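Participant: Dumping the structure here so I can ask a few things about it.
We did not get these values from a lab; they are worked out from the coordinates using the rules stated. This one's a predicted model, so the numbers in the text were calculated from it and none came from an experiment. All Cβ positions, glycine included, derive from the backbone under ideal geometry; neighbour counts span all protein chains shown.
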Amino acid sequence: MRSLALACCLLIAPPALSQTIPVSITIYGTVRLPDGSPAAKVLVQLSCQLGPSLQTFTDDLGRYEISNVPRGRFWLTALNRSDPDQFSDPVEFETSRSTPSRLLINIYLRTGVKIEPSSRERSTVITLTAAAQRVPKPARKAFERAQKYRSKNQREKALDSYSRSIDVFPTYIQAYAERGHLRIAAMQVEEAAADFSHALALDNSCEAALRGLGICKFQQENYEAAIEYFERAIAASPRNAINHLFLGVCHSQLGRHNVAKAALEKALAIDSTGAVRAHVHLANLWIKENRPREAIAELEDYLAAVPNAPDAEKQRAILKQLRGQVKQ
């Protein structure tokens, strides 16, 4: 199984390069529980775009090591099997010619709704730069408190805790990105944009910050600028459906129907549940092009997926109108 996984992962690299780069990289680090203590006997999984995953378990001190990692793009995750609600966000990274032979990545478990990086990347994907940060314990604990408050919809407490983590550790990339998204939810667009800009100054490939700035520009109706950020976010994390969804909506607002449809369809192909709203935007595009049958199909798919959506009655009324046009 292990040799098969390595063989599949090597398919990511072009043959000429894979022949010249030795398979000698070792990924290692420590996994910690949400309270900061070492996570013993926790499953650590290294996934690639093709083939099975590589797996190992932490020792009694929460340490892990995965050897013979080839060149390619990977997602590193951890799961506490004794408490499945405790897991890590995916750490996304690539190994290349410049990658050191030993690569330190520390992992922090949290509690919440699990995200599968290979199919449903709807939340933050942590970059290697962010994952490798040596975050002081007080900052890490404040960040973990913020995540717990946020999961309970206690926004003010979460905001205070994110701010506390940044006060203790002013270069905390993940804290800036998470606080920015919390501020977007509170309609504090300018403050959110400042947080995302801080995160990008520390790590210019931070997908969460690129997506966040795209959303800020979108809310300000600066669609061209938003498109630039969403395209950069997609380059950093190609399988995040929400980036493709927003990209499609921006192009739609600018009248670029074909480009918009391609982006919206891509979002649905990646995550038909998380990007279900793309059906409504596609229906609107078909309506503008006077193609009611295509619009009907999109609205039927939308209502079948979310029959109790807040706008379900509105969409059913539009659907009824469209069916009337087709019968005429």
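Participant: Can you tell me the length gained on complete extension of the stretch THR26 to ALA304, counting 0.36 nm per residue apart and subtracting the Cα distance?
Facilitator: Fully extending the segment from THR26 to ALA304 adds 95.4 nm.
Participant: Here is a further query. By how many degrees, between 0 and 90 and to the nearest 10, does the Cα long axis of helix 292-305 differ from the longest principal axis of the chain?
Facilitator: 50
Participant: Another question, if that's okay. Calculate the spin-label point distance for GLN55 paired with ALA297, positioning each point 7 Å from the Cα along the beta-carbon direction, and give it in nanometres.
Facilitator: Label at ALA297, label at GLN55, 4.0 nm between them.
Participant: Starting from 0.36 nm per residue, how many nanometres of slack lie between ALA269 and LYS157 once their C-alpha separation is accounted for?
Facilitator: 36.7 nm
Participant: I'd like the FRET efficiency for GLU289 and ALA40, computed as 1/(1 + (r/R0)^6) with the beta carbon distance as r and R0 of 51 Å, rounded to 0.05.
Facilitator: Result of the calculation: an efficiency of 0.30.
Participant: Right, something else. Give me the percent relative contact order of the chain, please, defined on Cα pairs under 8 angstrom at least 6 residues apart.
Facilitator: 10
Participant: What order, most packed first, do the peptides 39-46, 174-181 have when packing is the mean number of other Cβ atoms within 10 Å of each residue?
Facilitator: So the order, starting with the most tightly packed, is 174-181, 39-46.
Participant: Can you list the lysines whose alpha carbon is less than 26 Å from that of LYS288, not counting same-chain residues fewer than 8 positions off?
Facilitator: Reachable lysines: LYS217, LYS261, LYS266, LYS314, LYS320, LYS327.
Participant: How do the peptides 203-211, 100-108 rank, highest first, by the average count of neighbouring beta carbon atoms within 10 Å per residue?
Facilitator: In descending order of packing, they fall as 203-211, 100-108.
Participant: In addition: What distance in nm separates the simple spin-label points at ALA225 and SER67, each placed 7 Å from Cα in the Cβ direction?
Facilitator: Each label point lies 7 Å from its Cα, and together they span 5.2 nm.
Participant: Could I ask something else about it? How long are the semi-axes of the ellipsoid equivalent to the chain, from square roots of 5 times the Cα gyration tensor eigenvalues, in whole Å, largest first?
Facilitator: The answer is 37, 25, 19 Å, longest axis first.
Participant: Give, rounded to the nearest 20 debye, the magnitude of the charge dipole that region 240-328 has about its Cα centre when Lys and Arg contribute +1 at Cβ and Asp and Glu contribute -1 at Cβ.
Facilitator: 300
Participant: For region 40-47, take each phi angle, set θ = phi - 60°, evaluate the Karplus expression 6.51 cos²θ - 1.76 cosθ + 1.60, and give the result in whole Hz per residue in order, putting x for glycine and proline.
Facilitator: Going residue by residue, I get 7, 6, 9, 6, 10, 10, 10, 10 Hz, with x marking Gly and Pro.
Participant: For region 240-318, compute Rg over Rh where Rg is the Cα radius of gyration and Rh is the Kirkwood radius from the inverse mean 1/r over Cα pairs.
Facilitator: My calculation puts Rg/Rh at 0.95.
Participant: Could you pull out every residue, at least 5 positions away or on a different chain, whose amide H is within less than 5 Å of the one on TYR108? Hs are placed 1.01 Å off N in the peptide plane, and Pro or chain starts have none.
Facilitator: It is ARG32, by chain and number.
Participant: Let me ask something else about it. Take the alpha-carbon centre of region 210-263, take the same for region 24-92, and report the distance between them in whole Å.
Facilitator: Rounded to whole Å, the Cα centres lie 32 Å apart.
Participant: Let me ask something else. Please report, in Å, the Rg and the Dmax of region 124-226, where both are computed over Cα atoms only.
Facilitator: Taking only Cα atoms of region 124-226, I get Rg and Dmax of 13.0, 41 Å.
Participant: Still on this structure, I have one more. About the Cα centre of the chain, how large is the charge dipole given +1 on each Lys and Arg Cβ and -1 on each Asp and Glu Cβ? Please answer in debye to the nearest 20.
Facilitator: 360
Participant: Counting only DSSP beta bridges with both residues in the chain, tell me the antiparallel percent, nearest 5.
Facilitator: Beta bridges within the chain, antiparallel portion: roughly 75 percent.
Participant: Taking other Cβ within 10 Å of each residue's Cβ, how do LEU33, LEU76 sort, fewest first?
Facilitator: Fewest-to-most Cβ neighbours within 10 Å comes out as LEU33, LEU76.
Participant: Cα-based Rg (one decimal) and Dmax (whole number) for region 232-273, in Å?
Facilitator: 9.6, 26
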